[in-house]
1. Considering each residue of the stretch 118-133, count those that are within 28 Å of Asn168 (Cβ to Cβ), charged (D, E, K, R) and touching a strand residue (DSSP E or B) at 6+ places or on another chain (Cβ under 8 Å), and give that number.
2. Hey, Ser51 hits all of (1) at pLDDT below 75; (2) part of a helix (DSSP H, G or I); (3) not basic (Lys, Arg) but one; which does it fall short on?
3. Count, please, the residues in the stretch 108-156 that happen to be out of contact with any helix residue (DSSP H, G or I) (no Cβ under 7 Å at 6 or more places or on another chain) and on the phi > 0 side of the Ramachandran plot.
4. Go through the stretch 96-117 and count every residue that is modelled with pLDDT of 90 or more and either of a type in the set (A, V, I, L, M) or over 30 Å from Trp175 (Cα atoms) (or both).
Amino acid sequence: MDTRVMKRTYTWEDVESMCTDIVTQMHRQKWFPDYIVGITRGGNVPATIISNMLDVRCEALKVSLRDDSSLESNCWMACDAFGYVDESERALVKTRWDIGRRKNILIVDDINDTGETLKWIKEDWEAGCLPNETGAWKSVWNNNVKFATLTDNLSSEMDVDFWADEVNKQEQDVWLVYPWEVVGKLSARAD
């Protein structure tokens, strides 16, 4: 394994092209999201671009395992993905979930690095919405809920459905720099 760290810098034009590539992949698969979820911070920008390209609403999900900050569960998104039937309607429809109510959700991040972020989302959604339906959740992932990243690390423990660029950090350590990361730091405090 090469121990040198290689730096790869993406431009705004690269990001726009990568987002176009992801949208093209979705069109080829005839899969369209009801809404898009950007993972803060790195996924918000590409999620917004893809949202604008598709004219589909965009939401945000805070998952920052690297920064040891708080995590934000969004059970309502899990319920949308699963087709959860509210208790007030269960007597009428006689079920806790309905495949016809499932929403297609595209979850976007800048990179699928180790897979831990995507794994956390899956575990959180399953635990928060019908946790005893393991078999049914298997039909949600990669069908109703798909993951897209600008860059996919081939040595990640999780697979993504759509990506535009790939690296293999097991073979070559790569430091990826997206254009929103090179903006200078400003102090919000006035002295």
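1. The total comes to 1.
2. (1)
3. 2
4. Looking only at that region, the number is 6.
The values are calculated or read from the model by the stated rules, or taken from the named source; none is laboratory data. Because the structure is a prediction, the values reported are computed rather than measured. Ideal geometry is used to build each Cβ from the backbone, glycine not excepted, and the neighbour counts take in all protein chains shown.
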